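Q: This is the structure I want to talk about, given as structure tokens.
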Number of protein chains: 2
Amino acid sequence: MLNLIGMGLRGVQSLTIQEDEILKRSHRIYFEAYTSIAPENTINELESRYSRSVKPLARIDVENPEEIIKESLDGIVSLIIVGDPLTATTHNQLRLEAQNSGVEVKCYENASIITAAFGYTGLFTYRMSPPVSLPFPHEKFFPRSVYDKISKNIEDRRHSLILLDLSPGKGMKISEAVKYLLEMENRFGTGLLTEDRELIAISDLGHSDEKIVMGTFRSMTSYEGGKINCIILPERPTEDEVRFMSMFCRKLPL
Amino acid sequence: MLNLIGMGLRGVQSLTIQEDEILKRSHRIYFEAYTSIAPENTINELESRYSRSVKPLARIDVENPEEIIKESLDGIVSLIIVGDPLTATTHNQLRLEAQNSGVEVKCYENASIITAAFGYTGLFTYRMSPPVSLPFPHEKFFPRSVYDKISKNIEDRRHSLILLDLSPGKGMKISEAVKYLLEMENRFGTGLLTEDRELIAISDLGHSDEKIVMGTFRSMTSYEGGKINCIILPERPTEDEVRFMSMFCRKLPL
């Protein structure tokens, strides 16, 4: 049996009562450690709570899961995934391969940044857009697709959620993201992303040092954020949304 | 202090470890009972787990929260909300009013049908669309907007998530929804929703009797679903999505 266990956004304390019971009964516990960043000490806390070793998995381990599948045929294996377990394709691929090998797979949904980010800021869920990932650019890779997706959301009057890239253990800063987005505007732009445009920077949501901050692109050029960051670009918010945002987000001085 | 506690999709067992601790410390526990349907016996289970009475709230109580706000000024009040606490505007309105009255408000995100539905079926999150609500129609109200939103998603090659209406305690059946959608096609249609079109019917996700079933509009005309239902209309799924869907959804015979 293989359990895909969503851990939500707050580390061990956002495991559900049911997930907690399943982990107590598991023979083997893995921890997927590359699609997000958990609060510090999560692995230590898990090991002490469940009195067994918790093995972190890299991308290559999840993409070559023969060992995990073999263990799941013989015993109860649980893989803990930060956030919701099924929003990244890689986990559905594992689920498929395990099922194809005759393993019974159970999934346990949990909170995802995709819905939580909109909710916390006060923006309406029915005006959300699918998440856009902003990768670290390099000389030969500066993806126009990010700009195109944002343009499309603006055209459709939807709020853009931009998930900032992670290199192992380190998230892209808000200031870096703002720089990349303005650079995209320079290269491909049609005047959408000006320095006066408002954005909401969301850092370490649910962690003890979470920050939800609103300001212009200009005011964010020196704002770092936290360990794992995302941005929402509100698009023509309604009066209610403006009221909510101004109560629920801290304002960054210009 | 007012805590907005997301309960996720599975009743008491999908409360998080942290939420469980907060509820143990709460002087007053309310349960919001009109934006979703919890598994049967949820209130009884909550009352026995926390050894105090749990008061269900109707829409009118949440929209006129003077009493709740007054209690939150004096003690620890927790409001449990099925799914994620912040995806419905009504809860952000309560949060705003409480903050404006000087109450400290804390929110605890949890799983939402909006992300879970896409994940469970194997469809890619970055091709999701904002949820569309399908209300019970009546003679003078047969909303074209639902059809227009679906059309827009089809045009954008995005999967449509359609949340089926609730009247108190009773969800719209899949067969009813299919009938309403085909009727919309008749009245406003441009040939998008044919009887051969595939849909995924998701019922009571996370409950012990959850069902995720794939079939054509035609095959669903006599399929009831469960107590709380939603539909996904996959739009030109990729090869990977087709592989996932066919492993993760049960096929309904034609």
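Q: If you go through the stretch B:224-247 one residue at a time, how many are assigned to a helix (DSSP H, G or I) and of a type outside the set (D, E, K, R)?
A: 5
Q: Listed residues B:ASP74, B:ASP61, B:ASP20; which is more than 23 Å from the chain's Cα centre (by Cα) and not polar (S, T, N, Q)?
A: Exactly one of B:ASP74, B:ASP61, B:ASP20 is more than 23 Å from the chain's Cα centre (by Cα) and not polar (S, T, N, Q), namely B:ASP74.
Q: Give the residue, chosen from A:ILE113, A:ILE150, that is on the phi < 0 side of the Ramachandran plot and open to solvent by less than 40 Å² (accessible area, probe 1.4 Å).
A: Going through A:ILE113, A:ILE150 in turn, just one is on the phi < 0 side of the Ramachandran plot and open to solvent by less than 40 Å² (accessible area, probe 1.4 Å): A:ILE150.
Q: Another question, then. Looking only at the stretch B:1-52, count every residue that is touching a residue at least 60 places away in the same chain (Cβ under 8 Å) and in a helix (DSSP H, G or I) and tell me the total.
A: The number of residues fulfilling the criteria is 5.
Q: How many of the residues making up the stretch B:71-87 are part of a loop (DSSP other than H, G, I, E, B) and touching an Asp or Glu at 6+ places or on another chain (Cβ under 9 Å)?
A: Qualifying residue count, the stretch B:71-87: 4.
Q: Can you tell me how many residues in the stretch B:23-44 are over 21 Å from the mean Cα position of the chain (by Cα) and either over 11 Å from B:ILE80 (Cβ atoms) or within 14 Å of chain A (Cβ to nearest Cβ) (or both)?
A: 6
Q: How many of the residues making up the stretch A:207-232 are within 14 Å of chain B (Cβ to nearest Cβ) and open to solvent by 10 Å² or more (accessible area, probe 1.4 Å)?
A: 4
Q: Just checking, how many residues over the stretch B:94-108 are open to solvent by less than 50 Å² (accessible area, probe 1.4 Å) and in a helix (DSSP H, G or I)?
A: Selection size over the stretch B:94-108: 4.
Q: Considering (1) basic (Lys, Arg); (2) in contact (Cβ under 8 Å) with a residue 40 or more places away in the chain; (3) more than 9 Å from chain A (Cβ to nearest Cβ), say which one B:ARG158 fails and leave the rest.
A: Going through (1) basic (Lys, Arg); (2) in contact (Cβ under 8 Å) with a residue 40 or more places away in the chain; (3) more than 9 Å from chain A (Cβ to nearest Cβ) one by one, B:ARG158 breaks only (3).
Q: Okay, moving on. Of everything in the stretch A:92-131, what is of a type in the set (A, V, I, L, M), under 28 Å from B:GLN93 (Cα atoms) and in contact with a helix residue (DSSP H, G or I) (Cβ under 8 Å, 6 or more places away or on another chain)? Give them in sequence order.
A: A:ALA111, A:ILE114, A:LEU123, A:MET128
Q: What's the number of the condition A:GLU235 fails, among (1) within 12 Å of chain B (Cβ to nearest Cβ); (2) charged (D, E, K, R); (3) buried (at least 17 other Cβ atoms within 10 Å of the Cβ)?
A: Only one criterion is unmet by A:GLU235, namely (1).
Q: On to the next question. Mind telling me which of the residues B:ALA111, B:ALA116 ends up being assigned to a loop (DSSP other than H, G, I, E, B) and facing chain A (nearest Cβ under 7 Å)?
A: None of the others qualify; the one that does is B:ALA111.
Q: May I ask you to list the residues in the stretch B:154-184 that are open to solvent by less than 10 Å² (accessible area, probe 1.4 Å) and not in a strand (DSSP E or B)?
A: B:HIS159, B:MET172, B:ILE174, B:ALA177, B:VAL178, B:LEU181, B:MET184
Q: To continue, here is another question. Could you count how many residues in the stretch B:51-78 are closer than 26 Å to B:MET172 by Cβ and open to solvent by less than 30 Å² (accessible area, probe 1.4 Å)?
A: The number of residues fulfilling the criteria is 2.
Q: Another question about this same structure. Any idea which of (1) in contact (Cβ under 8 Å) with a residue 12 or more places away in the chain; (2) touching a strand residue (DSSP E or B) at 6+ places or on another chain (Cβ under 6 Å) is the one A:THR87 doesn't satisfy?
A: All conditions are met except number (2).
Q: Give the residues of the stretch B:32-50 that are closer than 18 Å to B:ASP20 by Cα and crowded, with 18+ Cβ neighbours inside 10 Å, sorted by residue number.
A: Residues satisfying the conditions are B:GLU32, B:ALA38, B:PRO39, B:THR42, B:ILE43, B:LEU46.
Q: Okay, next question. Select from the stretch B:185-204 the residues that are within 17 Å of B:MET247 (Cα to Cα) and in a loop (DSSP other than H, G, I, E, B) and list them in ascending order.
A: Passing the criteria: none in range.
Q: If I ask for residues that are among the hydrophobic types (A, V, I, L, M, F, W, C) and in contact with a Ser or Thr (Cβ under 8 Å, 6 or more places away or on another chain), which ones from the stretch B:236-253 would you list?
A: B:PHE244, B:MET245, B:PHE248, B:CYS249, B:LEU252
Q: Given the conditions (1) surrounded by 24 or more Cβ atoms within 10 Å (Cβ to Cβ); (2) within 9 Å of chain B (Cβ to nearest Cβ); (3) at negative phi, which single one is not true for A:GLY122?
A: The number of the failed condition is (3).
Q: Still on this model: So is B:THR90 under 20 Å from B:LEU163 (Cβ atoms), open to solvent by 10 Å² or more (accessible area, probe 1.4 Å) and assigned to a loop (DSSP other than H, G, I, E, B) or not?
A: no
Q: Hey, any hits in the stretch A:53-64 for a residue that's away from chain B (no Cβ under 13 Å), in a loop (DSSP other than H, G, I, E, B) and touching a residue at least 60 places away in the same chain (Cβ under 8 Å)?
A: no
Q: Determine which member of the set A:SER14, A:SER51 is farther than 29 Å from A:ASN229 by Cβ and of a type in the set (S, T, N, Q).
A: A:SER51
Q: Further, regarding this structure: Go through B:SER133, B:SER145 for me and flag whichever is assigned to a strand (DSSP E or B), open to solvent by 50 Å² or more (accessible area, probe 1.4 Å) and either small (Gly, Ala, Ser) or outside the structural domain of B:SER14 (by TED's automatic domain parsing) (or both).
A: B:SER133
The values are calculated or read from the model by the stated rules, or taken from the named source; none is laboratory data. Being a predicted model, the structure only gives us computed values, none of them experimental. Every residue, glycine among them, receives a Cβ derived from its backbone with ideal geometry; neighbour counts consider all protein chains shown. Note: accessible area is taken over every heavy atom of the protein model, side chains too, but ligands, DNA and RNA are not part of it. Shrake-Rupley method; radii C 1.70, N 1.55, O 1.52, S 1.80 Å.
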